[in-house]
Amino acid sequence: PAAPAWGRLPLGKTQSPESLLDIAARKVAEKWPFQRVEERFERIPEPVQRRIVYWSFPRSEREICMYSSFNTGAEDPAAGPGGAAA
C-alpha cells in the first residue's frame with residue numbers, strides 16, 4: 001500500500017505560513033483604528049505601521065462599496081463641516 005499523503009500538497013503547490021507580523025497587524029487592525037494606535041504608542045516601527053495600515057482597509061467588494069458611499073450627514077451641499085451652513 002502507498003504511504004499516506006498527510007500534509008502533502010500537489011507538486012508545484014507550496015504554502016507559506018502567515019508571518020507573525022501579519023497575524024499581529026491584522027488583529028490590531030480588526031480591533032482599533034490606526035489613529036488610536038498612533039496616539040497610544042510613541043514608537044511603532046515602519047514595517048509594523050505599514051502592515052497595520054494594509055490590514056485596516058476593507059477586503060470584500062461589499063465593504064469597499066459601503067465605505068466608499070459613506071454619507072457625512074450633511075444634507076445641504078453648501079453646508080460646511082458637520083452639517084453647519086457656512
- For the stretch 54-60, Karplus-derived ³J(HN,Hα) couplings (6.51, -1.76, 1.60; θ = phi - 60°; whole Hz; x for glycine and proline) come out as 4, 6, 6, 7, x, 9, 8
- Whole-Hz couplings from phi, Karplus 6.51/-1.76/1.60, listed for the stretch 32-44; x for Gly and Pro: 9, x, 4, 4, 5, 5, 4, 5, 7, 10, 5, 10, 10
- SASA check, PHE41, accessible area w/ 1.4 Å probe, all protein chains in place, rounded to nearest 10 Å², comes out at 110 Å²
- Mind pulling up the Rg/Rh value for the stretch 20-69? Radius of gyration and Kirkwood radius, both on Cα. 1.02
- Using a 1.4 Å probe, what is the accessible area per residue for the stretch 20-69, in Å²? 89 Å²
- Message: Within the stretch 20-69, what whole-number % of the accessible surface is contributed by carbon and sulfur, with the 1.4 Å probe and all protein chains included in the calculation?
- Response: 55 percent
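The values are calculated or read from the model by the stated rules, or taken from the named source; none is laboratory data. These numbers were taken from a predicted model, which means no experiment stands behind them. What goes into the accessible areas is simple: the full protein's heavy atoms, side chains included, and nothing from ligands, DNA or RNA. Shrake-Rupley method; radii C 1.70, N 1.55, O 1.52, S 1.80 Å.
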